[in-house]
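This report concerns only the one structure given below.
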Amino acid sequence: MGRISAGRLDGRAFGAAMALAVTAWPAAAVEISYASGVVGTAMESFREKVRVWEEATGNAVNFVPMPASTSDQFGQYRLWLAAGNADIDLYQTDIIWAAQLADQFVDLSEPAAEIAAASFPAIIESQTVDGRLVALPLYTDAPALYYRADLLEKYGAGVPQTWEELTGTAARIQEAERAAGNGDFWGFVWQGNAYEGLSCNALEWIASSGGGHVVEPDGTVSVNNPAAVEALERAAAWVGTISPPGVLAYQEEEARGVWQTGNALFMRNWPYAYALGNGPDSPIKDLFGVAPLPAGGSDDGGPAATLGGWNVAVSKYSRHQEAAISLALYLAGPEAQKAGALGEAHLPTLAALYDDPEIAAAQPIVPRWKEIFQQAVPRPSAPTKGAYNEVSAKFWSAVHETLSGQGSAAENLELLELDLGDLKGRGW
Ligand code: GLC
């Protein structure tokens, strides 16, 4: 049974209501600033989408490009918001930030009631803090194992079901491809930089091995356990063997760079890489497939995908709140979500779009990934509340040290457990 399900809304009635809401806006034109990280073609796609709203309202949108790393964005936004910055009207926010930034954002539950009712309830819940809807979902995210179908076929290998199988297949085909003349070829690329993306990868290794969720829903620190130790040791052994030593500095785009030039057999990445990998100039267009990430292989762990996703929040300090709310509603609404699904393979949060035949034809990963994101594993941002960023930073640091050979997995997880216990104190 899925963890995330949703109510329905008639797409056409909704679209008509939105069109009215947008065109009925007062004529006084304002310039709205929208801050967002830039990954892949995010900026171009945003500009294209937002033109419809600009034309309908007469307002203009200034896109404020931010670094690709969600951790870097969070650090900057936290500073700006603490200083009451009125220059940014809207922020594109990661699913994990809601509790930490809630006080600085406008409650959207009333204006967005219709959107909320048409969305997957668990996603709306993830953005609701003390009864306030602090951000509207733009798209959800759940990673895939990307594989080169042509090379698996060439070497008679199957899509790996376990991490052990992945390790074996990657080593064998990497060796053969190098022997055939491609010295730059690697078995597996992923996100090993010390940032939030590594917390996502490591949560998958651990959860899929029966090692829990770092901090459990009831707030218990669970990360120091034998299955987690084993999962990190297995990943550490990839570095410099089936994964380039540089993987320790990779974020999403660096992994995609190696993969999309044709120099990797497997990649862990989010659905946006599906759209780009099949782009007109992509050397691997039509040569790859996607599958759920592998499982740990023991009876304790099935495959685990970390739940990601992006939202839009209106700053409490915005001087153009009405226009900012109108833009947030447009971006979270069916027209903009459909454009994101068609162009960027973004997974909609409006349930009805999973039955849209145009989306299924343009980006088949979207309907296929509905089940994956519904089963996805949340990071412990709900139980750790305002401390999540610190929890995650300690987690990714312990993992990064283990991957770099600074201390064993057992030592680093023992220290992490103590650190997280200190941070928790008497409760999160
Ligand atoms: C993706 C996810 C986001 C996650 C990030 C980590 O953008 O949607 O939730 O935090 O990757 O790099």
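The values are calculated or read from the model by the stated rules, or taken from the named source; none is laboratory data. Because the structure is a prediction, the values reported are computed rather than measured. Methodologically, a virtual Cβ is constructed for each residue, glycine included, from the backbone with ideal geometry; neighbour enumeration extends over all protein chains shown.
A single entry from Ser45, Ser119, Ser69 fulfils the requirement of being small (Gly, Ala, Ser) and within 26 Å of Ala387 (Cβ to Cβ): Ser69. Kindly establish whether Leu347 is within 16 Å of the ligand (Cβ to nearest atom) and modelled with pLDDT of 95 or more. In short, yes.
Of the residues making up the range 186-193, at least one is within 16 Å of the chain's Cα centre (by Cα) and not polar (S, T, N, Q).
The single residue among Glu233, Glu165, Glu177 that is away from the ligand (no atom under 16 Å from the Cβ), among the acidic types (Asp, Glu) and either touching a Phe, Trp or Tyr at 6+ places or on another chain (Cβ under 8 Å) or outside any helix (DSSP H, G or I) (or both) turns out to be Glu177. If the condition is being surrounded by 15 or more Cβ atoms within 10 Å (Cβ to Cβ), of a type in the set (D, E, K, R) and in contact with a strand residue (DSSP E or B) (Cβ under 9 Å, 6 or more places away or on another chain), then the range 56-106 contributes Asp72, Asp89, Asp94.
Just a yes or no: is a residue in the range 38-48 buried (at least 18 other Cβ atoms within 10 Å of the Cβ) and more than 15 Å from the ligand (Cβ to nearest atom)? Within the range 38-48 (the criterion being buried (at least 18 other Cβ atoms within 10 Å of the Cβ) and more than 15 Å from the ligand (Cβ to nearest atom)), the answer is no, since none of the residues qualifies.
Condition check for Val247 on (1) on the phi > 0 side of the Ramachandran plot; (2) touching an Asp or Glu at 6+ places or on another chain (Cβ under 9 Å): one failure, at (1).
Only one entry in Ser243, Ser199 is within 29 Å of Ile365 (Cα to Cα), hydroxyl-bearing (Ser, Thr, Tyr) and within 16 Å of the ligand (Cβ to nearest atom), namely Ser199. Screening Ala171 with (1) in a strand (DSSP E or B); (2) among the small types (Gly, Ala, Ser); (3) surrounded by fewer than 21 Cβ atoms within 10 Å (Cβ to Cβ) gives one miss only, at (1).
Would you confirm, using the coordinates I've provided, whether Tyr139 is outside any loop (DSSP other than H, G, I, E, B), more than 16 Å from the ligand (Cβ to nearest atom) and either in contact with a Phe, Trp or Tyr (Cβ under 7 Å, 6 or more places away or on another chain) or among the β-branched types (Val, Ile, Thr) (or both)? Spelling it out, it is not the case that Tyr139 is outside any loop (DSSP other than H, G, I, E, B), more than 16 Å from the ligand (Cβ to nearest atom) and either in contact with a Phe, Trp or Tyr (Cβ under 7 Å, 6 or more places away or on another chain) or among the β-branched types (Val, Ile, Thr) (or both).
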